[in-house]
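Participant: One structure, pasted below without further comment.
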Amino acid sequence: MNSYGYSREEPAAPPVPQHTTLLSITGDFAAIEGKFKINDSLHVECEIGGELEVGGRLVIGESGVVNADVRTVDALIMGSFEGNLVATGNVEVASTGRVLGNIKTDSLVIAKGGFFNGNVSKIDRPKQPEPQGKEWKKDVVNAKKEVLSSVVRDLKDKDAEYEPDFTNNAGHPAD
């Protein structure tokens, strides 16, 4: 409280975005060369060369030209791409898109009018180990045999110890 009896409240800070969703690089005459690692999505409307690692979606706009080796999640190519592209998600070549190079992805869509010249391959996912291999099955069968043998032995031992009582409730032998 101040001397006039009012308390002074600090203005609230503007909210900080938790996740930047799109970085845009534009410029009619801009050309960038190098090795780039971007954790979020990237929209390109200029010329980029080198290596790109994009943690989200790569969008090459109609005026975008990318000559690079690229690793990304998803890609939308509306401009020109030349190089090697690895995308763990989807790749779409729009009707205005032009691709020269190799694509490795789970899903590729080329729109009518889109151009692609190169090789395409599916991403190899590591195979999950088989939970029931032959050795595992042998172990289970052997364990079951041991348990059954043990149960049968126990029953035989108890049967040998068992003496049936052939008397009726009154203590006289049953007829």
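Participant: Between Ala31 and Leu155, with labels modelled 7 Å along Cα→Cβ, what's the label distance in nm to one decimal, could you check?
Facilitator: With each label placed 7 Å out from Cα toward Cβ, I get 8.7 nm.
Participant: Taking each pair of different alpha-carbon atoms in the stretch 22-122 once, compute 1/r for the pair, average those values, and report the inverse of that mean as the Kirkwood hydrodynamic radius in Å to one decimal.
Facilitator: Over the stretch 22-122, the inverse of the mean reciprocal pair distance is 12.9 Å.
Participant: If you put +1 on each Lys and Arg Cβ and -1 on each Asp and Glu Cβ, how big is the dipole of the stretch 22-122 around its Cα centre, in Debye rounded to 20?
Facilitator: Here the stretch 22-122 has a charge dipole of around 340 debye.
Participant: Using the Cβ atoms and a cut-off under 14 Å, what net charge is assigned to the surroundings of Ile110, where Lys and Arg are +1 and Asp and Glu are -1?
Facilitator: +1
Participant: Further question on the same structure: Tell me, Ile77, Ile123, Ile48, Ile38 in order of fewest to most beta-carbon neighbours within 10 Å? Mind dumping the intermediate values first?
Facilitator: On the way: Ile77 29, Ile123 12, Ile48 23, Ile38 16.
Least crowded to most crowded, the residues run Ile123, Ile38, Ile48, Ile77.
Participant: Now for a separate question. Note down the nm distance, to one decimal, between modelled labels 7 Å out along Cα→Cβ at Ala111 and at Ile38.
Facilitator: If labels sit at Ala111 and Ile38, their model points lie 1.9 nm apart.
Participant: Now for a different question. Once phi is turned into ³J(HN,Hα) by the Karplus curve 6.51 cos²θ - 1.76 cosθ + 1.60 with θ = phi - 60°, what whole-Hz value does each residue of the stretch 50-59 show in order, with x for glycine and proline?
Facilitator: 3J(HN,Hα) across the stretch 50-59, in whole Hz: x, 10, 10, 10, 10, x, x, 9, 9, 10.
Values in this text are rule-based calculations from the coordinates and carry no lab data. Please read these numbers as outputs of a predicted model, since none were measured by experiment. In this analysis, Cβ positions are derived from the backbone assuming ideal geometry, glycine residues included, and neighbour counts consider all displayed protein chains.
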